[in-house]
Amino acid sequence: MYMKQLIKGGRVIDPLNGIDGVKDILIEGKVISQVADQIAVTDQVNVINAEGKIITPGLIDMHVHLREPGLEYKETIYSGTRAAAAGGFTAVASMPNTRPVADNKAVVRFIIEQAARDGAVKVYPIGSITKGSQGEELAEIADLKEAGVVALSDDGNPVVNSEIMRRALEYAQMFNLTVIDHCEDPNLSAEGFMHEGYISTLLGLRGIPAAAEEVMVARDIILAELTESPVHIAHISTVGAVNMVREAKKRGLPVTAEATPHHFTLTDEAVIGYDTATKVSPPLRSEADKEAVLQGLKDGTIDVIATDHAPHAREEKEVEYAYAPNGMVGLETVVPLVVSQLISKGVLSWTDAVVKLSVNPAKILNIPGGTLSVGAAADLTIIDPEKEAVVDPKKFYSLGRNTPFKGWKLRGWPIYTIVNGQIVMKDGKIIE
Amino acid sequence: MYQRKDLLGLKELTADEISLILDTAVPMKEIIQRDIKKVPTLRGKSMVTLFYEPSTRTKTSFEMAGKYLSADTSSLTVSASSVVKGESLIDTGRTIEVMGTNVIVIRHQAAGAPHLLAKNVKARVINAGDGMHEHPTQGLLDLFTMREKKGDLGNLTVAILGDIMHSRVARSNIWGLTKFGAKVHVVGPSTLIPKEIKQMGVKVFHSVEEAVKNVDVINVLRVQRERQKKGLIPSLKEYAKVFGLDKKRASLAKPDALIMHPGPMNRGVEIMPDVYECEQSVVDEQVTNGVAVRMAVLYLLMGGKGVYEATN
């Protein structure tokens, strides 16, 4: 391995430094040592020709289910971080709904240590808000912080009890931790399998109304105002929810939001045919909801693009729609979906996309990254905006093959993932 | 000729395909009325009924239909609990298939289960009711009954009364009727009619009196006790009072209007005794027609070319 790497002639997108232009980047050891219009090639430098390519700060997915410990048949830290690297990510934040739940120091330490042993990219654990993510008693948040969590969430479950949510927000603030909420009123969504609308009516699948999400988004905004504590709305998916977050931001409330690639790409029409790869929580919504998510991304209401990568075993998904678990994998398809659905269609500029895939996740989680500043860790992603390929789940590094994008021809794929100066992915292949 | 591998729903069928099935059911009905109700048409073919939900009439109806046509029939009843713990639907379907089965008739509480099965077996699959989605052979037998009694379906106005939301019978009826240009009214409590049902081409009512006025057919659906627990209706008593079909309400329809019910009936809840016992009630005939329609479907799926000639 070379100690120095020179990335030459690529279009560098570094929003925090106001850069969008052709530059060379020199990496020495683990850090970025120089960014300039021209850097001379010397001996002992590995040159990466990046002409026509996009160079971004390492992408960060702040919503990923790595499944380890306890659910290793779905995904492991080994496989999940390789899926991340293949997808262009240099860091992921892992959700705490493992077995046992990451509601205590031991599990969090295990994840950090296992990631150090097995991980291809950086792993930042998210701790549980409440014990067992049951929504009843606060987890030992000081302990979790000490163990290394970067945020709190009961993801998969909402925090139904508003009093507990209020106290969680107040308490988390002392530790500078953002609370990430999976917004869903379980009474309103009770036993639903897909978005409530015309498609659910004709498929005979019980529906989950948009209101199930919106009621909780409204509550969380109200509690963010009451507690003056930051709240992050996970996987926002409805017109009403996007409107409320927009309004909250106008009023200066500490509310942020993320959207997934499936919610900005697909609608409930994808469920026709009962493909369980389309079963996800929150469900794929209506065309109007999808448009609202796109508008929210465009106008800045939605801060982050996160995948909610949720791998499941084949036998769990090859069942009747009603019995399949929620979730789809996302790490290995998000970049081409962002390029094809957002950048090519003029919804986002490259700079906007990098802000949502790197800068803002780093900011919300209060972790390093999101920049190509000299002296920063050399975490970078190189994207070939012209590369076309068909999504083939058989080639995924993730153990999960549950994607609704199988067979889609997409343009704009990551071709290098560099973590701490090391090339961990080249042309879609993991470098061990 | 019926070109599809399976019969999963009426939504995807054309009016011509539905007509072919109904036309084929006419000679089948004649067979049922013979002294010796047996023709050799499907000799050497086999059919398995795979029921994950209890059923009295549909299962028996399919089995009788198969036997009248000389197919070999077997049945597999699976309790819902073994679904979660035990063998997957795909594996069960494959097991049945490799025994040499030509047709699998499936009833399942989960919408889309027949579609999953159909994708994974080469045997032909007939949906005998999947969750709240469709019950195509019930839809067909209802259409057959209406056509037999009233002629051209396109001239009819049909009121479907009851729990539309949870009813696969309602959905199959709506798809079938609207394809022929019939006017469809749906009526029931606002908690049991999804808002979006309008997009299926029906008119929504919450007053039985208004909905049944001058219609040619009233098709009454079963209302289930569980709806009360879910907060969808206050009580069966109140349901009967506001939505039950009694003589007075039924009399607002055309004088010769048909009264239909897919069964099993909750007597005194959605339909009153004096209505289902009246002359216009065709509830029993629906059951007979069910066998005829299922014979037609089995015949067409197992290689029958065009309308059956009832000569042999």
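The values are calculated or read from the model by the stated rules, or taken from the named source; none is laboratory data. Being a predicted model, the structure only gives us computed values, none of them experimental. Glycine gets a Cβ as well: all are built from the backbone with ideal geometry, and neighbour counts include every protein chain shown. All accessible areas refer to the heavy atoms of the entire protein, side chains included, with ligands and DNA or RNA removed. Shrake-Rupley method; radii C 1.70, N 1.55, O 1.52, S 1.80 Å.
Region A:374-427 and region B:92-151 have their alpha-carbon centroids 43 Å apart.
Using +1 on the beta carbon of Lys and Arg, -1 on that of Asp and Glu, and nothing else charged, what's the dipole of region B:1-158 about the Cα centre, debye to 20?
On the way: 21 positive and 18 negative charges, 71 e Å.
With Lys and Arg at +1 and Asp and Glu at -1, about 340 debye.
Take the accessible area of A alone and of B alone, subtract that of the pair with a 1.4 Å probe, and the total buried over both chains is about 1700 Å².
Partner shielding of B:187-199 amounts to 2, given as the average count of beta-carbon atoms from other chains within 10 Å of each residue beta-carbon.
B:SER19: net charge of surrounding residues, Cβ under 12 Å, Lys/Arg +1, Asp/Glu -1, itself excluded?
That sum, taken over residues with Cβ under 12 Å, equals -2.
Burial here means at least 20 square angstrom less accessible surface with every protein chain in place than with the chain by itself, probed at 1.4 Å; in region A:296-340 the buried residues are A:GLU318, A:VAL319, A:GLU320, A:TYR323. Taking the DSSP bridge list for region B:1-137 and keeping only pairs wholly inside it, about 5 percent are antiparallel. Compactness of region B:136-285 is given as radius of gyration and Dmax, 13.9, 41 Å, from Cα positions.
Share of carbon and sulfur in the accessible area of region A:58-365 stands at 51%, probe radius 1.4 Å. Counting only trypsin sites (Lys or Arg not before Pro) that DSSP places in a loop and that have at most 10 other Cβ atoms within 10 Å, the longest clean stretch of chain A runs over A:1-250. Just round it to a whole percent: the fraction of Cα-Cα distances in the protein assembly as shown exceeding 36 Å. Taking all Cα-Cα pairs of the protein assembly as shown, the fraction more than 36 Å apart is 51 percent. The GluC sites (Glu not before Pro) found in region A:1-90 that occupy coil by DSSP, while having at most 13 further C-beta atoms within 10 Å, are A:GLU51.
Among B:GLY304, A:VAL12, B:LEU232, which residue has its Cα positioned farthest towards the positive end of the charge dipole of the protein assembly as shown, with +1 placed on the Cβ of Lys and Arg, -1 on the Cβ of Asp and Glu, and the dipole taken about the Cα centre? Final value for the positive-end residue is B:GLY304. Region A:173-252 and region A:33-51 have Cα centres spaced 47 Å apart. Measure nothing fancy, just the Cα-based angle from helix A:77-86's long axis to the longest principal axis of chain A, in degrees from 0 to 90, nearest 10. The angle comes out at about 60 degrees. DSSP bridge analysis restricted to the protein assembly as shown gives an antiparallel fraction near 35%, rounded to the nearest 5. Inverting the pair-averaged 1/r between distinct Cα atoms of region A:1-153 gives 17.3 Å as its Kirkwood hydrodynamic radius. Ignoring lysines fewer than eight residues from A:LYS345 along the same chain, the ones with Cα atoms less than 22 angstrom from its Cα are A:LYS53, A:LYS290, A:LYS298, A:LYS356, A:LYS387, A:LYS406, A:LYS409. For region B:15-98, the per residue solvent-accessible surface stands at 48 Å², with DNA, RNA and ligands left out and a 1.4 Å probe. Of the two radii for region A:58-365, the radius of gyration is 0.93 times the Kirkwood radius, both from the alpha carbons; that is the Rg over Rh value.
For A:GLN38, the shell of other residues with beta-carbons less than 15 Å away shows a net charge of 0, using +1 for Lys and Arg and -1 for Asp and Glu. Taking the charge dipole of region A:58-365 about its Cα centre, with +1 at Lys and Arg Cβ atoms and -1 at Asp and Glu Cβ atoms, the residue from A:PRO261, A:LEU205, A:GLY240 reaching farthest to the positive side is A:PRO261. Rolling a 1.4 Å probe over the protein heavy atoms gives region A:58-365 an accessible area of 31 Å² per residue.
With +1 on the Cβ of every Lys and Arg and -1 on the Cβ of every Asp and Glu, and nothing else charged, how large is the dipole of region A:1-82 about its Cα centre, in debye rounded to the nearest 20?
On the way: 9 positive and 11 negative charges, 22 e Å.
Computed about the Cα centre, the dipole is about 100 debye.
Here chain A is treated with +1 on each Lys and Arg Cβ and -1 on each Asp and Glu Cβ, and its dipole about the Cα centre works out to around 1000 debye.
How large, in percent, is the carbon and sulfur part of the accessible surface of region B:136-285 at a probe radius of 1.4 Å? Accessible surface attributable to carbon and sulfur in region B:136-285 totals 49 percent.
A Gaussian network model of chain B, with springs between Cα atoms under 10 Å, assigns the largest mean-square fluctuation among B:ASN120, B:ASN219, B:ASN173 to B:ASN120.
So what is the calculated 222 nm ellipticity per residue for chain B, using -39500 (n - 2.57) for each DSSP H run with n of 4 or more, over all residues, to the nearest 500 deg cm²/dmol?
Helix-only estimate at 222 nm: -11500 deg cm²/dmol.
Using just its DSSP H runs of length 4 or more, each adding -39500 (n - 2.57), chain A gives a mean residue ellipticity at 222 nm of -7500 deg cm²/dmol after division by all residues.
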